[in-house]
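The values are calculated or read from the model by the stated rules, or taken from the named source; none is laboratory data. It should be emphasised that the depicted structure is a prediction, and the values quoted were computed from it without experimental measurement. Heads up, the Cβs are rebuilt from the backbone with ideal geometry, glycines too, and the neighbour counts pull from every protein chain shown.
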């Protein structure tokens with residue numbers, strides 16, 4: 001068995017080097033190949049983690065939350081394994097262990113922080129037993145690949161209910177997540193965002209849950225954050241928003257999305273993070289909650305969160321000349337809406353770039369863009385100078401913007417990705433916001449990173465990423 005394990009690790013490490021030499025990330029193939037050589041490879045490597053494993057799942061925010069947690073544990077002095085690049089199916093999870101192991105099969109690790117795709121939860125949990133499971137939120141996401149939400153939630157519930165010692169860290173503001181406390185019987189720890197005078201009393205966004213998951217009655221909302229996230233009470237039974245052990249309270253002005261304090265154990269501390277967006281406040285609360293659950297010192301947690309730098313395409317910040325550019329991955333209506341809210345509320349004039357692909361990993365069905373609230377941009381576009389659309393379905397994106405009320409003279413379609421990005425970055429606006437679907441993210445990231453570093457998109461070396 002040791003020979004087969006060593007062979008699997010060798011094959012995985014070789015595949016990782018070859019993949020990277022060819023310009024790829026090498027995040028999934030090594031694990032896939034290793035599992036062919038020796039199927040129990042993940043189980044045997046994961047069993048060596050000394051203190052425990054933290055699994056992060058849900059629709060949006062997995063990568064950011066997992067990386068924030070890993071950063072907290074690193075800051076506390078622990079050795080951590082994590083799939084930081086977001087390869088979150090079982091092959092990617094296996095890769096993260098292989099590249100951190102010796103050929104002999106030995107690993108030196110206190111904690112493993114693993115982001116897991118919702119549909120991959122059953123396979124992953126058959127190979128490891130987490131100390132903590134974090135569930136961020138549940139939204140419709142690529143229905144042609146990941147089923148309806150009821151099935152996704154059912155698959156995760158079936159996997160969690162057999163666990164005995166695992167603790168859950170749950171988003172109190174999402175009724176689809178909060179229900180796991182009552183259905184799994186596992187110890188649960190909640191985080192949530194308090195309402196304030198600027199909170200929305202009604203919601204025009206797509207909501208995944210209008211009815212109680214227990215009795216089917218209508219959920220009555222005191223306020224909304226976005227989607228179905230907010231403060232809810234069932235009109236027919238006991239179900240309501242749980243009281244969070246960790247709660248964020250806004251301290252800044254109405255348009256300030258980054259000034260908050262955290263309340264825990266009746267103590268208030270300022271929360272400082274460098275990444276934009278209300279959704280990242282939720283990610284930070286989840287990471288803070290896990291840190292508290294693991295007994296990490298509060299000052300260490302807050303220090304790590306303050307220093308956190310976003311992963312590629314998670315509202316990642318670049319400097320191009322004298323202006324800032326922000327790159328954000330978008331893959332479903334709710335995530336795109338939060339990106340647009342961040343864009344809309346940011347100060348100054350903005351240019352916008354959108355790359356829309358319809359490859360398998362993006363979802364072949366792009367009808368989801370009609371559920372995105374682009375109308376907020378069409379209704380008030382005076383600070384938005386130009387919209388540059390690209391990708392395999394750039395024309396469809398331009399049409400969607402037109403029907404949202406964006407003037408056609410502000411919309412540009414350019415199938416040449418490099419030139420389209422350069423057009424957006426060289427606009428007269430004070431900043432540029434770039435949105436990209438999954439398979440366009442890597443080339444967009446490479447181009448923006450190059451331009452931000454070199455300032456010229458005409459170099460022949462860029463032809464391979466366009």
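At-a-glance table
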| item | result |
| --- | --- |
| Number of the exception - residue 92 against (1) modelled with pLDDT under 95; (2) in a loop (DSSP other than H, G, I, E, B); (3) crowded, with 24+ Cβ neighbours inside 10 Å | (2) |
| Every residue from the range 259-278 that is over 19 Å from residue 62 (Cα atoms), part of a loop (DSSP other than H, G, I, E, B) and out of contact with any strand residue (DSSP E or B) (no Cβ under 8 Å at 6 or more places or on another chain) | 265, 266, 272 |
| Only listed residue being on the phi > 0 side of the Ramachandran plot, out of contact with any strand residue (DSSP E or B) (no Cβ under 6 Å at 6 or more places or on another chain), modelled with pLDDT under 95 and surrounded by fewer than 17 Cβ atoms within 10 Å (Cβ to Cβ), chosen from 216, 227 | 216 |
| Looking only at the range 279-326, and only at residues there that are modelled with pLDDT of 95 or more and part of a loop (DSSP other than H, G, I, E, B), the one that is surrounded by the fewest Cβ atoms within 10 Å (Cβ to Cβ) | 295 |
| Every pair of residues 6+ apart whose Cβ atoms lie under 7 Å, when the first sits in the range 178-195 and is modelled with pLDDT under 90 while the second is surrounded by fewer than 20 Cβ atoms within 10 Å (Cβ to Cβ) and assigned to a loop (DSSP other than H, G, I, E, B) | 184/161 |
| Number of the condition not met by residue 211 [criteria: (1) over 27 Å from residue 290 (Cα atoms); (2) touching a strand residue (DSSP E or B) at 6+ places or on another chain (Cβ under 7 Å); (3) modelled with pLDDT under 90] | (3) |
| Complete set of residues in the range 67-85 that are crowded, with 23+ Cβ neighbours inside 10 Å, in contact (Cβ under 8 Å) with a residue 60 or more places away in the chain and under 11 Å from residue 115 (Cα atoms) | 67, 69 |
| Spans of helices (runs of 4 or more DSSP H) in the range 327-438 with at least 3 residues closer than 24 Å to residue 280 by Cβ and either touching a helix residue (DSSP H, G or I) at 6+ places or on another chain (Cβ under 7 Å) or not assigned by TED's automatic domain parsing to the domain that holds residue 450 (or both) | 333-345 |
| Residue 137 farther than 22 Å from residue 43 by Cβ, modelled with pLDDT of 90 or more and not in a strand (DSSP E or B) | yes |
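To keep it simple, each residue is scored yes or no on (1) assigned to a helix (DSSP H, G or I); (2) outside the structural domain of residue 439 (by TED's automatic domain parsing); (3) over 30 Å from residue 149 (Cα atoms).
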| position | (1), (2), (3) |
| --- | --- |
| 27 | no, yes, no |
| 30 | yes, yes, yes |
| 43 | yes, yes, no |
| 55 | no, yes, no |
| 64 | yes, yes, no |
| 68 | yes, yes, no |
